[in-house]
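J.: Take this structure first; my questions come after.
Where a number appears in this text, it was derived from the coordinates with a stated rule and is not lab data. The shown structure was predicted, so the numbers you read here are calculated from the model rather than taken from an experiment. Here the Cβ positions follow ideal geometry from the backbone for every residue, glycine too, while neighbour counts run over all protein chains shown.
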Amino acid sequence: MKSWARRTAELHGELRAIAEPDVMWWLLAGGVAAVELRGAEGAYVLSDATPPGDTFIGYRDPRPITIDDAIARARAAATALRELDGQLPGQPLCVTLGNPAPTSAHGAVTVKSQLDVAAFAIGDRCVIGKLDDPQLREQLAAAVSGASPPPWHGSTPFVCVSIGDDKLETCRHAHRRAWRNGAGPWLGLGRASDGTQGALATITTCHLVVDGYGHARIAGRIAELMARAPASTTPSLPLPALCAVEGGIPLGVVWRELPHPSPRVLPLGYALGRVLHQMAGHRDAKFSPTFQIPIAPGDRDDPMRNRRRAAASILSVRFEDGQPEPFDVFATRARAILSREASGHGLWTRSVAAARGMPGPLAWKRRSIGTSRARWLDRFAEVIGGRACLSKIAVDTPLPASCAVSSPARLATPRDPLGSCVLTILEDSSRSAITACGSGIAGTSAAADHLLDELLMLVSASEPREAAI
């Protein structure tokens, strides 16, 4: 009992440090403390392979769409996955996804794959075949001309290549075009336009399989392999419009390149808290809406640290009479929170452990955490999930300047028009780019663009000289 009381007090203190006092925090803290020790190890609970867990990375690629290019990209993807498989702890890549049923208690599962079968979406059809099949090119050409593809009775494809132009707002769901009978690929390849800067080659994933760092490594390797591939000699063909993905969730998306190196995370977080406080419209609020900053778990000198699943730090900026606290005060508190999460002792890490440890079916746990959660959980989710996620992903291999999109923790509704957003910086040793996407506060390209303008203006005007993460 003393141990439970101590852990409850610790968790309640974490909540009071980031949000207005609420009697509900005692309920949350006590519940987490009661079951967190049971969930130190266990299944991944932050995604159940549903559309809210879909992501994409895109980089500029002016090449026209051809059948040869589609096949080459699928083969490059297989090479990239085989090379990286086993290098990302807890994230096997040579797999496909299965989901017994939307209401199943067991949740989505991964299934080992030989990475030899690919799907190609053309209009409202899907051609599935082995990548070494000499008839594959002819089958794709026939489908482009309107022929129905032959039925497929083999293994589940590991990738879906969408042959056509996708919409930027929903292209992160492209791999779902090849899903059949509750099974399908977690990886998709396609092309989308950002409206201002031309075509993007897109690599879509499902968060159940891989986190942001691994996704960036996959995207960078595919880009590298395709840059070496011989140019297609076949002409591009008139293509039917791609069908919409059922259950797709449109988001506002804007991205832009940044000078390298990009702004540091804590000044960005301080600016983000100030922007969120203003957008929430409650000048007298003593805290900004909370936001997450993912952090790699483990010691700083651990070479595998960035490759693991990220933890998330939950932060806010404090206000007094409408004025934000000094940056130094925010940064000191933020570093302590980040350190606790990296060591596995923070509020977010312990809450996730509690989700794993609580009794109940895995699928229910995953749905309770996701955007389809019950309404009575909204107050907790508003603080734990926050109104924004600010992520900075640095990779140690070449990566083109890239757009990165994932679903926010909260989708805007008539009851909650604010919604939430995701801000992601991707960079390698020489290039940086930032993306804003979301629902509500970043639910249109104009809103996302305004959010980026406000954020970067505050950082450039007042970024402090103090060392920050």
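J.: Test of understanding: ordering Trp179, Trp255 by Cβ neighbours within 10 Å, fewest first, what list do you get?
T.: Numbers: Trp179 23, Trp255 26.
Least crowded to most crowded, the residues run Trp179, Trp255.
J.: When Lys and Arg each count +1 and Asp and Glu each count -1, what net charge do the other residues less than 15 Å away from Asp22, Cβ to Cβ, add up to? Let's see the in-between values first.
T.: Numbers: positive: Arg16, Lys286, Arg379; negative: Glu14, Glu20, Asp378, Glu382.
Overall, the nearby charge balance is -1.
J.: Give, rounded to the nearest 20 debye, the magnitude of the charge dipole that the chain has about its Cα centre when Lys and Arg contribute +1 at Cβ and Asp and Glu contribute -1 at Cβ.
T.: Working: 51 positive and 46 negative charges, 210 e Å.
So the dipole magnitude of the chain works out to roughly 1000 debye.
J.: For a paramagnetic label modelled at 7 Å from the Cα of Ser145 toward its Cβ, which residues of the range 236-251 fall within the zone defined by backbone nitrogen distances under 14 Å?
T.: 237-238
J.: To the nearest 20 debye, what is the magnitude of the charge dipole of the range 52-247 about its Cα centre, counting +1 on the Cβ of each Lys and Arg and -1 on the Cβ of each Asp and Glu? Kindly include the intermediate steps, with their values, before the conclusion.
T.: Values: 18 positive and 18 negative charges, 26 e Å.
Around 120 debye, computed over the range 52-247.
J.: Alpha carbon centre of the range 107-148 versus the range 287-354: separation in Å?
T.: The distance from the Cα centre of the range 107-148 to that of the range 287-354 comes to 43 Å.
J.: Going by how many other Cβ atoms sit within 10 Å of their own, how do Ser402, Ser460 line up, fewest first?
T.: Numbers: Ser402 30, Ser460 11.
The fewest-first ordering by Cβ neighbours comes to Ser460, Ser402.
J.: To make sure I understand, if each residue's beta carbon is the centre and we count other beta carbons within 10 Å, what order do Lys167, Lys112 fall in, fewest to most? Before the final figure, lay out each step's value.
T.: Numbers: Lys167 16, Lys112 10.
Least crowded to most crowded, the residues run Lys112, Lys167.
J.: Hey, another quick one. Rounded to the nearest 0.05, what FRET efficiency do Met24 and Ala461 have when you use their Cβ-Cβ distance and R0 = 41 Å?
T.: Values: r = 37 Å, r/R0 = 0.90.
Step by step, r from the Cβ atoms, then E = 0.65.
J.: Classify the range 52-247 from the C-alpha gyration tensor, please: rounded if a/c falls under 1.5, else prolate or oblate depending on whether a/b exceeds b/c. Walk me through the numbers before you get to the answer.
T.: Values: a/c = 1.39, a/b = 1.20, b/c = 1.16.
The shape class here is rounded.
J.: If you don't mind, there's one more thing I want to ask. Hey, could you get me the Stokes-Einstein D for the range 128-178, Kirkwood radius over alpha-carbon pairs, 37 °C and 0.692 mPa s, rounded to whole µm² s⁻¹? Don't jump to the answer; show the numbers that get you there.
T.: Numbers: Rh = 12.5 Å.
In µm²/s, the coefficient is 262.
J.: Further question on the same structure: What is the sum of charges around Val144, taking Lys and Arg as +1, Asp and Glu as -1, for the other residues whose C-beta is under 12 Å from the C-beta of Val144? Before the final figure, lay out the partial values.
T.: Details: positive: Arg125, Arg137; negative: Glu138.
Net charge around Val144: +1.
J.: Would you be so kind as to identify which of Leu97, Val254, Ala231 lies farthest towards the positive end of the dipole of the chain, taking Lys and Arg as +1 and Asp and Glu as -1 on Cβ and the Cα centre as origin?
T.: Checking the options against the dipole of the chain, the answer is Leu97.
J.: Taking the Cβ of Ser430 as the center, what net charge do the other residues with Cβ under 13 Å away carry, scoring Lys and Arg +1 and Asp and Glu -1? Don't skip to the end; give the middle numbers.
T.: Values: positive: Arg431; negative: Glu257, Asp396, Glu427, Asp428.
Here the charged neighbours net out to -3.
J.: Any idea what diffusion coefficient the range 51-151 gets from Stokes-Einstein, in µm²/s, Kirkwood Rh on alpha carbon pairs, 20 °C, 1.002 mPa s?
T.: 134
J.: Taking amide hydrogens as modeled 1.01 Å from N in the peptide plane, which residues meet the under 5 Å criterion relative to Leu189, leaving out close sequence neighbours?
T.: It is Cys160, Val161, Ser162, Thr204, by chain and number.
J.: Which one of Leu455, Val210, Met279 is farthest out on the positive end of the charge dipole of the chain, using unit charges on Cβ (Lys, Arg +1; Asp, Glu -1) and the Cα centre as origin?
T.: Val210
J.: How many angstrom lie between the C-alpha centres of the range 400-469 and the range 19-95?
T.: For the range 400-469 versus the range 19-95, the Cα centre distance is 19 Å.
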